[in-house]
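The values are calculated or read from the model by the stated rules, or taken from the named source; none is laboratory data. These figures come from a predicted structure and were not determined experimentally. Here the Cβ is made from the backbone with ideal geometry for all residues, glycine too, and neighbour counts use every protein chain on show. Keep in mind that these areas ignore ligands, DNA and RNA; they rest on the heavy atoms of the full protein, side chains included. Shrake-Rupley method; radii C 1.70, N 1.55, O 1.52, S 1.80 Å.
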Amino acid sequence: MEKVDIVVTGELLVTDPFSPPVKDGAVAVKDGKIIALGPKNGIETAFYAAKRIDRPNGLIAPGLINAHTHAAMTVFRGLADDLPLKTWLEEHIFPKEARLTPEIVAIGTELACAEMIRCGTTGFVDMYLFEDTVASVVDRIGLRAWIGEGVFDFPSPAFSSGIEALKETGRLISKWQGHPRITITVDPHTPYTCSPDLLIKARDMADKYGAMTVIHLAETDWEAHEIQTRFGTSPVCHLDRLGLLNERLLAVHCVSLDKDDIKLLARKRARVAHCPESNLKLASGVAPIAEMIQEGVIVALGTDGAASNNDLDLMSEMDTAAKLQKGIMKDPTFVPASQALAMATTWAAKALHREDLGVLRKGAQADLVVVDLNQVHLRPCYNPVSHIVYVARSGDVQDVIASGRVLMEDRRLTTIDEEDLLSRLKRIVQAI
């Protein structure tokens, strides 16, 4: 028998959204990767573990990937609700963000990480401020993250200009290069908060380092009208003219699109991060993801920040994403449960150019979760993929492992002291 670090066993094993589940399944983990998986009897015969997590009522599944959020904005949760995006951003969020410090960002990020772990998230894409602080917090806690400093034409709380923010991005790329769980991205904020010259500089930096570019794009009709007025074209075409539309672009929201925009996104192989609950709450609209998927666009799923959602619960986001498209298209076959789960797992990984994430298979990263099926609302369970999307809640997540490290065991966080965190948060809230 071969010794491994962890063996996880469960009632059901879902390896990916499109494959049949394995009954009485198990996963063997060593050095942060999955080295074997399949029926429990076979795994137990071949391996013995330093640590076992046995869940006779557990559903083992790939860890979820939150394709867009602003982690530290948890400190602004519920601060300004029921407002249009432009008003919410310019009259409430920007003024409060002016008070941000690395300390506040660190606590907000830790709060976000605690929430996301409890929701079954093992990795997330973050665009915000003081991102070196964010990276340090994520490194300590053990999640996986793609992190980018927000770049604007005007001064941010962290940097005096967009050029300085880009310089910081280059420094972060050098500092965190080669880290097994942290990847730095280039993050111009939007086409209307970044001049063409600044967007070109961001493009050049991404090209230089082979980095991904993350940008809010076509989030509202107002944005589409504004870019049309300024540059005579749509936001998507505007980015294409500037050379940003390519397979390393993760375009966030993409609500206000026409058919030509969708075809252009597909042709240039740009990726899209869909944030349905934030778009609904801010009344931005509904992204046409059913049409995007039909055209071959890789669509991932994100929550956006806790100030506009108001949570980071990717499990509820999957449910919303699936049902919303059915209602809009008036067709229950659009965005089935398998596709909704894929947007938070396999498709999210593909959007980030990672074939070793979002799936449970030999050689993949050991990013996985266990959902406790021993709940009245989760019985009976005929289709585990459908259950994850339409029935399971974040409170049903029992265990979370990222890169082979146990971050939550039997609903207890192992790398975050929640009591101390909430105590520190109280002091920060008073300051805000």
For the range 116-137, what are the residues that are part of a helix (DSSP H, G or I), in contact with a helix residue (DSSP H, G or I) (Cβ under 7 Å, 6 or more places away or on another chain) and not small (Gly, Ala, Ser)?
118, 131, 132, 133, 134, 137
Do you know which of the residues in the range 144-182 that are in contact (Cβ under 8 Å) with a residue 40 or more places away in the chain and more than 19 Å from residue 102 (Cα to Cα) is farthest from the chain's Cα centre (by Cα)?
153
Of the conditions (1) at pLDDT below 95; (2) open to solvent by 20 Å² or more (accessible area, probe 1.4 Å), residue 418 fails just one. Which one is it?
(1)
Residues of the range 381-430 being more than 25 Å from residue 181 (Cα to Cα), of a type in the set (Gly, Ala, Ser) and under 21 Å from the mean Cα position of the chain (by Cα), which ones?
386, 392, 395
Of all residues being within 25 Å of residue 145 (Cα to Cα) and assigned to a loop (DSSP other than H, G, I, E, B) in the range 19-68, which is farthest from the chain's Cα centre (by Cα)? Just the residue, please.
31
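Under the condition of being of a type in the set (A, V, I, L, M, F, W, C) and open to solvent by 10 Å² or more (accessible area, probe 1.4 Å), which residue from the range 147-165 is nearest to residue 409 (Cα to Cα)?
158
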Need the failing condition index for residue 123 against (1) touching a residue at least 40 places away in the same chain (Cβ under 8 Å); (2) small (Gly, Ala, Ser); (3) open to solvent by 10 Å² or more (accessible area, probe 1.4 Å), just the number.
(3)
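Okay, residues lined up against (1) without any contact (Cβ under 8 Å) to a residue 60 or more places away in the chain; (2) out of contact with any Lys or Arg (no Cβ under 6 Å at 6 or more places or on another chain); (3) closer than 21 Å to residue 367 by Cβ:
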residue: 2; (1), (2), (3): yes, yes, no
residue: 11; (1), (2), (3): no, yes, yes
residue: 29; (1), (2), (3): no, yes, yes
residue: 39; (1), (2), (3): yes, yes, no
residue: 57; (1), (2), (3): no, yes, no
residue: 89; (1), (2), (3): yes, yes, no
residue: 94; (1), (2), (3): yes, yes, no
residue: 114; (1), (2), (3): no, yes, yes
For the range 272-295, pairs from a residue that is more than 12 Å from residue 254 (Cα to Cα) to a residue that is of a type in the set (Asp, Glu) and buried (at least 17 other Cβ atoms within 10 Å of the Cβ), with Cβ under 8 Å and 6 or more apart or across chains, are 277/304; 277/317; 278/304
Of these, 164, 149, which one is assigned to a helix (DSSP H, G or I) and not aliphatic (A, V, I, L, M)?
164
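Looking only at the range 234-258, how many residues end up being more than 19 Å from residue 287 (Cα to Cα) and either in contact with a helix residue (DSSP H, G or I) (Cβ under 7 Å, 6 or more places away or on another chain) or in contact (Cβ under 8 Å) with a residue 24 or more places away in the chain (or both)?
Qualifying residue count, the range 234-258: 7.
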Scope the range 90-110; condition aliphatic (A, V, I, L, M), open to solvent by 20 Å² or more (accessible area, probe 1.4 Å) and at pLDDT below 90; matching residues
98
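Scan the range 394-432 for residues that are at positive phi and of a type in the set (Gly, Ala, Ser) and jot them down. Quick ask: steps written out before the conclusion?
Of the range 394-432, the ones at positive phi are 403-404, 410-411.
Answer for the range 394-432, where residues must be at positive phi and of a type in the set (Gly, Ala, Ser): 403, 404.
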